[in-house]
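To start, the structure itself, in structure tokens.
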Amino acid sequence: MGREKLISYSPWLAHFNTGACNGCDIEVLAALTPLYDPERFGVKLAPSIRYADILVVTGAVTKKAGERLKRIYEQMPNPKYVIAVGACACDGGVFRGSYSVFEGVDKVIPVDIYVPGCPPRPEAILDAIVSLVLKLRKGG
């Protein structure tokens, strides 16, 4: 069984905050609580980036945070997937057009799924994770 197939049954998440207001971070952590029970889908928080399958990124990506984000992404084992959570991670949000902010995570690393909102609901974040898992199970 290939690593992609294994990821589709028990994906491990790593969360990276690029310097957000913490609104999205609170919602990401809420989505991982027993109230929403992500473990029924096999989703767990990885103890290290080197074990993570999915990188969940929140916040506006500044030029300094972009360097760290790229380094963290390169440390993940292949295959790896990225979910951009919140308006700032998707397109820069209220910081769009600022001289020190990239207009989205996808300007630094490839993104597989976007979860818009300021902040998005935990249900939307969990839905994005599950849709990525289902996509992997189908072989896409």
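Looking across region 26-69, the residues that are surrounded by 21 or more Cβ atoms within 10 Å (Cβ to Cβ) and outside any helix (DSSP H, G or I) come down to 32, 43, 52, 53, 54, 55, 56, 57, 58, 59, 60, 61. Yes or no: residue 124 touching a residue at least 40 places away in the same chain (Cβ under 8 Å) and under 23 Å from residue 37 (Cα atoms)? Against the criterion (touching a residue at least 40 places away in the same chain (Cβ under 8 Å) and under 23 Å from residue 37 (Cα atoms)), residue 124 does not qualify. In region 112-128, is there at least one residue being within 13 Å of residue 20 (Cβ to Cβ), open to solvent by 10 Å² or more (accessible area, probe 1.4 Å) and of a type in the set (A, V, I, L, M, F, W, C)? Looking through region 112-128, at least one residue is within 13 Å of residue 20 (Cβ to Cβ), open to solvent by 10 Å² or more (accessible area, probe 1.4 Å) and of a type in the set (A, V, I, L, M, F, W, C). Looking for something modelled with pLDDT under 95, within 15 Å of residue 25 (Cα to Cα) and out of contact with any helix residue (DSSP H, G or I) (no Cβ under 6 Å at 6 or more places or on another chain) - is there at least one such residue anywhere in region 74-95? Yes, that holds for at least one residue. Kindly indicate whether residue 82 is of a type in the set (A, V, I, L, M), out of contact with any His (no Cβ under 8 Å at 6 or more places or on another chain) and on the phi < 0 side of the Ramachandran plot. Here the answer is yes, as residue 82 does meet what is asked.
Report yes if residue 14 is part of a helix (DSSP H, G or I) and either open to solvent by less than 30 Å² (accessible area, probe 1.4 Å) or over 17 Å from residue 108 (Cα atoms) (or both), otherwise no.
Details: part of a helix (DSSP H, G or I): no; either open to solvent by less than 30 Å² (accessible area, probe 1.4 Å) or over 17 Å from residue 108 (Cα atoms) (or both): yes.
Criteria not met by residue 14.
The set of residues in region 104-128 being assigned to a helix (DSSP H, G or I) and touching a helix residue (DSSP H, G or I) at 6+ places or on another chain (Cβ under 7 Å) consists of 105, 122, 125, 126.
Taking the criterion of being open to solvent by less than 10 Å² (accessible area, probe 1.4 Å) and in contact (Cβ under 8 Å) with a residue 40 or more places away in the chain, the residues of region 77-108 that qualify are 83, 85, 86, 89, 104, 105.
The values are calculated or read from the model by the stated rules, or taken from the named source; none is laboratory data. Note that this is a predicted model, so its numbers are computed, not measured. Positions of Cβ are backbone-derived with ideal geometry, glycine not excepted, and every protein chain shown enters the neighbour counts. Side chains are part of the model used for accessible areas, which takes the heavy atoms of the whole protein and leaves out ligands, DNA and RNA. Shrake-Rupley method; radii C 1.70, N 1.55, O 1.52, S 1.80 Å.
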